[in-house]
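Presented below is the structure to which this report refers.
The values are calculated or read from the model by the stated rules, or taken from the named source; none is laboratory data. Since the structure is predicted, the reported quantities are computational estimates derived from the model, not experimental observations. As a convention, Cβ positions derive from the backbone with ideal geometry for all residues, glycine included, and neighbour counts pool all protein chains shown.
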Amino acid sequence: MRRFLYLSLLLAIPGLVAAQTKTTQALAERYTESMSLFFYKNTPRMLNQTEDKEFDEMIKDIDKLRLLLIDKEKNFSAADYKRITGDYQKEAYEPIMTSRAQGRNFDIFLRETQGQTKGMVVLVNDSSSLYVLDIIGKISINNVTGLFNKLDQSSDISKKIKNFAERDERKKARKEEEDKDSDN
């Protein structure tokens, strides 16, 4: 009887542990200089320093969120973006909405099982970066830009995002300084 119980538990564990999409994982591996942040069920609540009830309601059904930031300045083309959207669709994510806000394009993909939303992927695309929000759970479509803005405006996360975005400028400035020093 115990063997049956242990075997049952071992077989159930993979169904209980939800993983991020294969496409998001492949992107993180392909773009090794990308920045990846993980948020678990309680992490977004910690961002809500003002105890905003609307924000709590917005994030209540998110079990896990991965934010992946990809610098598009290096080896990223329109064809790459099209391939990424196709890869998400191959994983049974359906495109449900495209919008534009604050100079960024938002493409939202949804994965459902038996009428229940199991996951969402939000691609936030601007001229220099691709932000991938890979969500296990769900958020109202109307709140996607609000969630992104909250993550973007959170002081800790915002610092990391700005450091990531500005790192190429710092590298370029250091290289120019080194080139000046070597010329002298």
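Look at Gly86 and say whether it is of a type outside the set (D, E, K, R) and modelled with pLDDT of 90 or more. Walk me through it before giving the result.
Working: of a type outside the set (D, E, K, R): yes; modelled with pLDDT of 90 or more: yes.
Spelling it out, Gly86 is indeed of a type outside the set (D, E, K, R) and modelled with pLDDT of 90 or more.
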For region 70-93, check the following and say yes or no: at least one residue is outside any helix (DSSP H, G or I), closer than 15 Å to Leu151 by Cβ and aromatic (Phe, Trp, Tyr). no
Regarding region 142-161, can at least one residue be identified that is acidic (Asp, Glu), over 18 Å from Lys64 (Cα atoms), over 15 Å from the mean Cα position of the chain (by Cα) and at pLDDT 75 or above? no
Residues of region 1-24 classified as assigned to a helix (DSSP H, G or I) and modelled with pLDDT under 85, total: 15
Which pairs do you get when a residue that is closer than 14 Å to Ile141 by Cα and free of Cβ contacts under 8 Å to residues at least 40 places away in the same chain, found in region 87-107, comes within reach of a residue that is among the aliphatic types (A, V, I, L, M) and surrounded by 12 or more Cβ atoms within 10 Å (Cβ to Cβ), reach meaning Cβ atoms under 7 angstrom, with the pair 6+ apart or on two chains? Glu94/Leu110; Asp107/Leu123
Among (1) at pLDDT 90 or above; (2) surrounded by fewer than 16 Cβ atoms within 10 Å (Cβ to Cβ), where does Thr32 come up short? (1)
Are any residues in region 64-86 of a type in the set (A, V, I, L, M, F, W, C) and touching a residue at least 24 places away in the same chain (Cβ under 8 Å), and if so, which ones? Leu65, Leu67, Leu68, Leu69, Ile70, Phe76, Ile84
Of everything in region 94-119 that's under 16 Å from the mean Cα position of the chain (by Cα), closer than 17 Å to Phe148 by Cβ and of a type outside the set (A, V, I, L, M), which residue is surrounded by the fewest Cβ atoms within 10 Å (Cβ to Cβ)? Asn105
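So if I check each of Leu37, Leu67, Leu27, which one is within 16 Å of Val144 (Cβ to Cβ), within 15 Å of the chain's Cα centre (by Cα) and at pLDDT 80 or above?
Selected residue: Leu67, the only one of Leu37, Leu67, Leu27 that is within 16 Å of Val144 (Cβ to Cβ), within 15 Å of the chain's Cα centre (by Cα) and at pLDDT 80 or above.
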Counting only residues in region 120-141 that are more than 23 Å from Thr32 (Cβ to Cβ) and more than 12 Å from the chain's Cα centre (by Cα), the one surrounded by the most Cβ atoms within 10 Å (Cβ to Cβ) is identified as Ile139
Consider region 109-144. How many of its residues are part of a strand (DSSP E or B), under 14 Å from Ile59 (Cβ atoms), touching a helix residue (DSSP H, G or I) at 6+ places or on another chain (Cβ under 8 Å) and of a type in the set (Val, Ile, Thr)? 1
